[in-house]
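Here's the structure we're looking at; comments come further down.
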Amino acid sequence: TGYITFDPGYVSTGSCQSDITFLDGEKGILLYRGIPIEQLAEKSNFIETAFLLIYGHLPNRSELDYFQYHITHHSMVHESIKKLYDGFPNNPHPMAVCSAVVGALATFYQDQFNNQTAREIEITIHRLLAKLPTIAAYSYKKSLGQPFLYPQNHLSYTKNFLNMMFATPCEPYEVNPVAAKALDVLLMLHADHEQNCSTSTVRLVGSSRCNLYSSVSAGIYALWGPLHGGANQAVVEMLQKIQDEGGDAKKFVEKAKKPNEEGSSRLFGFGHRVYKNFDPRSKIIKQMAHEVLDKLKVQEPLLDIALQLEEIALKDDYFISKKLYPNVDFYSGIIYKALRIPVNMFPVMFAIGRLPGWIAHWVELQGDKDFRIGRPRQIYQGKTSHDYVPLEQRG
Ligand code: CMC
């Protein structure tokens with residue numbers, strides 16, 4: 001009842017009050033709990049940033065050690081979880097697998113759902129952050145038909161993940177510290193972004209007082225689409241297509257200007273609902289792409305195509321007038337590719353990075369003094385009331 005505001009895509013609806021992340025789309029500012037993303041990318045690491053987002057302050061030494069210890073020591077998954085992977089067909093998309101397996105965690109830890117204590121929520125947070133890289137690496141191993149490797153507690157978060165991805169039982173694998181560091185920074189840059197589609201999904205699901213595992217599982221699915229976290233996969237596939245068709249970036253930009261025409265596609269990795277000047281994450285990632293390729297001695301022709309595409313688009317009236325700039329997904333895939341991460345795992349990398357943000361928002365919502373179940377209204381456009389017609393009288 002009463003007045004309903006029509007706001008498709010929630011462009012101007014503030015769905016909650018939040019203390020977690022600040023965005024200024026005009027000035028290209030992104031702050032996690034008040035700290036600029038540039039400073040975190042340079043000085044922090046993913047685990048510390050996760051603590052910051054979830055608990056609201058930078059951890060002191062003992063808080064960090066405790067957090068780190070528990071995340072490290074919850075990284076194994078129940079042996080029965082491994083059997084779930086055998087039920088999937090060959091080569092499923094790893095996002096589908098990750099969401100399904102994260103959802104299944106709710107069957108393993110279901111004793112702790114209602115009226116959770118702070119301690120129970122804490123264990124759930126540790127478990128999710130610890131197990132998602134294991135779950136993700138196993139989805140890759142399954143697609144290769146290789147055995148799953150146990151996590152290694154002496155390795156850092158990203159070294160452990162890369163080890164589970166690329167080591168085999170027959171051969172030790174030395175994780176390149178440049179690769180581990182690059183991945184850590186990328187995860188940090190993805191860690192939160194206020195009320196984006198997947199975070200809003202986690203909040204909406206959590207607003208029915210649904211548990212954190214299931215809320216995060218829904219968030220992974222929301223992230224998968226090519227307009228959101230699936231864009232990093234779509235960007236590299238787009239760059240590959242341009243290369244396969246002779247490398248004409250200009251032709252592709254022309255097509256992207258007619259998104260409704262058959263055979264056309266948006267310029268993936270471009271545009272953002274909030275950023276109308278530049279995406280601060282993209283600036284850092286572009287710079288990183290050059291450095292990481294250089295340090296790893298990787299030649300990547302797709303980087304040249306991306307640079308050309310960006311240059312052409314940024315001079316084009318269509319992109320200028322619509323304020324479309326490279327977003328976080330435009331250059332990240334080039335780095336993942338240099339780390340040998342397969343293209344269909346790119347959205348999974350985004351999910352591992354975004355997990356602290358999802359958790360922080362779920363936790364914030366549960367403690368919100370204004371807590372209410374999320375329940376948008378609609379503007380009904382259907383038929384007005386009319387009588388039921390028996391089957392034999394219908395035309
Ligand atoms: N290529 C060509 N045209 C575009 C693009 C693009 N990448 N992005 C927006 N437009 C056009 C769009 O057609 C529309 O034109 P018009 O006003 O003539 O209808 C106008 O720009 C505004 O676009 P919109 O779709 O109304 O904007 P939105 O805020 O609803 O969508 C977006 C934002 C990110 C979904 C969109 O820019 C897009 O689809 N980009 C490509 C996919 C992408 O890179 N997604 C990752 C986003 S950043 C990370 C994340 O959130 O996951």
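Being in a helix (DSSP H, G or I), without any contact (Cβ under 8 Å) to a residue 40 or more places away in the chain and surrounded by fewer than 24 Cβ atoms within 10 Å (Cβ to Cβ) is a description that does not apply to GLU364.
Just to be sure before I move on: is LEU303 of a type in the set (A, V, I, L, M, F, W, C), without any contact (Cβ under 8 Å) to a residue 24 or more places away in the chain and farther than 26 Å from THR199 by Cβ in the structure I sent? Spelling it out, it is not the case that LEU303 is of a type in the set (A, V, I, L, M, F, W, C), without any contact (Cβ under 8 Å) to a residue 24 or more places away in the chain and farther than 26 Å from THR199 by Cβ. Residues of region 242-280 that are within 19 Å of GLY28 (Cβ to Cβ) and more than 10 Å from the ligand (Cβ to nearest atom): ASN277, PHE278, PRO280. Residue count for region 310-321, restricted to those that are more than 11 Å from the ligand (Cβ to nearest atom) and part of a helix (DSSP H, G or I): 6. So for region 22-44 (the condition being away from the ligand (no atom under 16 Å from the Cβ) and more than 23 Å from PHE278 (Cβ to Cβ)), does at least one residue qualify? No, region 22-44 contains no residue that is away from the ligand (no atom under 16 Å from the Cβ) and more than 23 Å from PHE278 (Cβ to Cβ).
Please specify each residue of region 186-211 satisfying the condition of being of a type outside the set (S, T, N, Q), at pLDDT 95 or above and under 19 Å from CYS16 (Cβ atoms). Hits for region 186-211 are ALA191, ASP192, HIS193, GLU194, CYS197, VAL202, ARG203, LEU204, VAL205, GLY206. Once region 1-21 is narrowed to residues that are closer than 29 Å to LYS283 by Cβ and of a type in the set (A, V, I, L, M, F, W, C), the residue that is farthest from the ligand (Cβ to nearest atom) is CYS16. Between LEU293, LEU239, the distinction of being more than 9 Å from the ligand (Cβ to nearest atom), touching a residue at least 12 places away in the same chain (Cβ under 8 Å), surrounded by fewer than 21 Cβ atoms within 10 Å (Cβ to Cβ) and not basic (Lys, Arg) belongs to LEU293 only. Candidates are the residues of region 22-74 that are more than 20 Å from GLN287 (Cβ to Cβ) and hydroxyl-bearing (Ser, Thr, Tyr); the one that is surrounded by the fewest Cβ atoms within 10 Å (Cβ to Cβ) is SER62. Of the helices (runs of 4 or more DSSP H) lying entirely inside region 57-172, those containing at least 3 residues that are small (Gly, Ala, Ser) and either under 22 Å from the mean Cα position of the chain (by Cα) or modelled with pLDDT of 95 or more (or both) span 94-108, 118-144.
The values are calculated or read from the model by the stated rules, or taken from the named source; none is laboratory data. Quick caveat: nothing in here was measured; it's all calculated off a predicted structure. Every residue, glycine as well, gets a Cβ built from its backbone with ideal geometry; the counts of neighbours run over all protein chains shown.
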